[in-house]
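Following: one structure in structure tokens, then a few remarks.
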Amino acid sequence: MQISSQDADPKSLQSRYKMLYIAVGFFIFVIITRLWFLQIMHGNELRTFSEQNLLKEIRIPAPRGIIYDREGKILVENLTGFEATISPQYTEDLEATSKAVAKVLDMAWKKVVKKVKKSRRKDGPFRPVIIKDNLTRDEVFKLALLKLDHPGLDIKENILRTYPLGSNGAQFFGYVGEISKKQIPVYNEKFANQHVFKQGDIIGRSGLEETLDLHLRGHDGLSFVKVDAKGREAASESTKLLGPISRPQRAIPGANLTLTIDRDLQQAAYNAFQESEKTKTGALVMLKTNGEVLAWISTPSFDPNEFSRGISAKLWSTLVNDPDKPLRNKVLQDHNPPGSTFKPFVALAALQDGIITKDTLVNAPWRIKFGSRYYHDHTRSGQGQVRLREAIERSSNVFFYRQGIALGVDKMYNYISQLGIGEKTGIDLINEIPGLLPNSKWKKENIGEEWQPGENLTVAIGQSYVLTTPLQMAAAYAAIGTKGKLFKPFIVKSLKAPDGRIIKENKPKLVRDISDPKNEHHIEKRHFEAVKEGLWHVANGDRGTAKWWKIPGVEFAGKTGTAQVRGFSSDQIYDKCEERPREQRHHGWFIAYAPAENPEIAVAVLAEHACHGSTGGAPIARDAIWAYMEKYKPEMLKPHKWLKGPLQRMREAKEKDKDPKKLKKAQKKKKPLNQASNQISSPPPPPKPAPKPNTESGSSTETQNQDTTATQPAG
């Protein structure tokens, strides 16, 4: 029998079926293996990814630490507010969303589009773009309605760093701003193992905010909400069902800071500068003789609240290009020739070196010749035969020229450096500069020239290469007032965790006792007494250069000085300073301590382009000292017919603002405030005191200009 070809086919295809079985089996094996790999090996990881797509992470910003003054009054705080944001990754129609948002916020919609696109190019599509912060309640309500139709639009609660004193002390307190992309790796490397910085973090950018940023900033928290594919919050069951990834993390506030600053004295010192008839630019620092800083002014200033809200490019450009440097902390970042305020230091050196005694008579004519050049006094008549007390009281240049010749620059350096001149004070703020106290070695190493004998004369009157900061001068005069005890200035009294635990506490620190014989270049206490007598006469003597500025019942001591901003020839040195262009006018110094007998405080004032320390710096320092006496030593003050203290004027101004008629008018004009803009404003400037008697009547031209330091003729 013949077998058909059809009966033979299945057998001939068995080998092919076998290959098919193997292929199918292999395919099933791969699928099972892949499922095992995804679900068993990486199941938890992929579950996390899935939940992250379902969840929207919301960062809860940690409140920065509050900054208090020495009495617990708030200097820097936080206020809550709301901001409108647009997330590019969820936005379907940017133009439509921008038009809707712009209408509510009273903005140009094209500006909103531009802002979002710029942020997307710079920071990517995932970062929410802040369209406007500090929203009113009405704006929040209207935007909440728009969220339903415009994916990507959101309203977030934020924390606004607020500075109740406004521009008062801005360089000292500093300001905050968002960290840039370039700064993130730099900061993470600098503060490795201390903090991890991320995009959107707010950091301190100057002053105390920057110096103590790690302590003030705290740790952000996290919360989670379920969202749909368009990024909108979904109404569903609790996120707790999604496991550990959805557990919220509480924000931990930063540490609170208590300063040595006194808010009342800070305001009084600021007002003194604002009321000055000679200048409104310069610096002031007041500290206790143990180093505690009570007031710190640098002016002109800026409002750090502008930086908290996001400063405009126009305002930033204005601040950066202002010739009076409002962004600089002039108390420790600007150094100037100290002028005649340097003379007491030279006097101490001359006394200790035995060149003079307090009773040595020195001839001080209107000029002396040294080498081929003439060196002038600040008056055309000269001072005649003077002792140390008169030389300090009248600010005789020629007296101190002679001491400079006798001492030489290296001896002056050895003694005066003991007062902290030419070195950083070590205060707890960044960017302090050391100033400059020259000697022959310094000039050789830095300029490549030998020291010239004629330079000793100009150094002795605080000119030449000598440069000091107001902070250095205040600390040095405090040392004179205490007969040699030099303390390190400090601002931070204590740093406390949110639970009240003390993290850090500072105490007064003695740098050196200059009168201690163990020091190679010590200065005896009796020599400090001799110099203090001269400084007392500056403010209280018949021919003192600051005799016009009295505090009823309280005596203070100090020294006026003039820092020349440029040199003048011999035929120009007696020209009236006030008639020169402002940029050519001298700076005026006044450094003082009070009370004169047993000092508790020292004050340094640099009045820029005020021409004279006696009329520019002294009245500002007087008001600052007066405010201290009003608050801490009221029993020493005597009533006066028409003179009022700074704190009394501030109280009267505050009472005047509470007048019912004035309040009624203010309420009519008052606009509704939102939550974040309800800030404590800077107290209004107090009314000016009654006019002072004419101090120039009956005085000679020489007396009026006694603190003006004349530069030696050019050439």
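Side notes on the structure shown:
- Selection within the stretch 168-189: residues that are part of a loop (DSSP other than H, G, I, E, B) and among the polar types (S, T, N, Q). The member of this set that is nearest to ASP324 (Cα to Cα) is ASN168.
- Among the residues making up the stretch 98-136, those that are open to solvent by 100 Å² or more (accessible area, probe 1.4 Å) and closer than 22 Å to PHE82 by Cβ are LYS103, ASP106, LYS111, PHE126.
- Candidates are the residues of the stretch 521-554 that are among the charged types (D, E, K, R), in contact (Cβ under 8 Å) with a residue 12 or more places away in the chain and in a loop (DSSP other than H, G, I, E, B); the one that is farthest from PRO639 (Cα to Cα) is GLU524.
- Of the listed requirements (1) modelled with pLDDT under 90; (2) open to solvent by less than 30 Å² (accessible area, probe 1.4 Å), GLY169 misses just one: (1).
- Among the residues of the stretch 415-428, those identified as outside any loop (DSSP other than H, G, I, E, B) and surrounded by 17 or more Cβ atoms within 10 Å (Cβ to Cβ) are TYR415, ILE416, GLN418, LEU419.
- Selection status of ILE368, of a type outside the set (Gly, Ala, Ser), open to solvent by less than 70 Å² (accessible area, probe 1.4 Å) and over 37 Å from the mean Cα position of the chain (by Cα): yes
- Inside the stretch 306-321, residues that are open to solvent by 50 Å² or more (accessible area, probe 1.4 Å) and farther than 24 Å from LEU79 by Cα make up a count of 6.
- If the condition is being among the polar types (S, T, N, Q) and open to solvent by 10 Å² or more (accessible area, probe 1.4 Å), then the stretch 280-305 contributes THR281, THR289, ASN290, SER301.
- Residue, nearest to the chain's Cα centre (by Cα), within the stretch 381-406, restricted to residues that are surrounded by 20 or more Cβ atoms within 10 Å (Cβ to Cβ) and of a type in the set (A, V, I, L, M, F, W, C): ILE392
- Among the residues of the stretch 375-390, those identified as within 23 Å of HIS612 (Cβ to Cβ) and in contact (Cβ under 8 Å) with a residue 24 or more places away in the chain are TYR375, HIS376, ASP377, HIS378, THR379, ARG380, SER381, VAL386, LEU388, ARG389, GLU390.
- ARG649 being over 22 Å from PRO470 (Cβ atoms), among the charged types (D, E, K, R) and crowded, with 19+ Cβ neighbours inside 10 Å: yes
- Selection from the stretch 176-217 of residues that are open to solvent by less than 30 Å² (accessible area, probe 1.4 Å) and either of a type in the set (Phe, Trp, Tyr) or assigned by TED's automatic domain parsing to the domain that holds PRO326 (or both): PHE197
- Scanning the stretch 542-588 for residues that are out of contact with any Cys (no Cβ under 9 Å at 6 or more places or on another chain) and either of a type in the set (A, V, I, L, M, F, W, C) or modelled with pLDDT under 90 (or both) yields a count of 24.
- Listed by first and then second residue, the pairs linking a residue in the stretch 463-487 that is closer than 15 Å to ALA295 by Cα to a residue that is of a type in the set (Asp, Glu) and at pLDDT below 95, with Cβ atoms under 9 Å apart and 6 or more places separating them unless they lie on different chains, are PRO470/ASP334.
- If you go through the stretch 497-540 and pick out every residue that is open to solvent by 80 Å² or more (accessible area, probe 1.4 Å), among the basic types (Lys, Arg) and in contact with a strand residue (DSSP E or B) (Cβ under 7 Å, 6 or more places away or on another chain), you end up with 2.
- Per this entry, SER301 is counted among residues that are of a type outside the set (Phe, Trp, Tyr), in contact with a helix residue (DSSP H, G or I) (Cβ under 6 Å, 6 or more places away or on another chain), in the same structural domain as GLU608 (by TED's automatic domain parsing) and at pLDDT 90 or above.
- Where a residue in the stretch 160-186 is more than 17 Å from GLU210 (Cβ to Cβ) and its partner, wherever it lies, is exposed (fewer than 15 other Cβ atoms within 10 Å of the Cβ), with Cβ under 6 Å and at least six apart: PRO164/ILE680
- Any hit, the stretch 584-596, residues being without any contact (Cβ under 8 Å) to a residue 40 or more places away in the chain, in contact with a helix residue (DSSP H, G or I) (Cβ under 8 Å, 6 or more places away or on another chain) and not in a strand (DSSP E or B): yes
The values are calculated or read from the model by the stated rules, or taken from the named source; none is laboratory data. Computed from a prediction, not measured in an experiment: that's the story for all the values here. Methodologically, a virtual Cβ is constructed for each residue, glycine included, from the backbone with ideal geometry; neighbour enumeration extends over all protein chains shown. Side chains included, ligands, DNA and RNA excluded: accessible areas come from the protein's heavy atoms. Shrake-Rupley method; radii C 1.70, N 1.55, O 1.52, S 1.80 Å.
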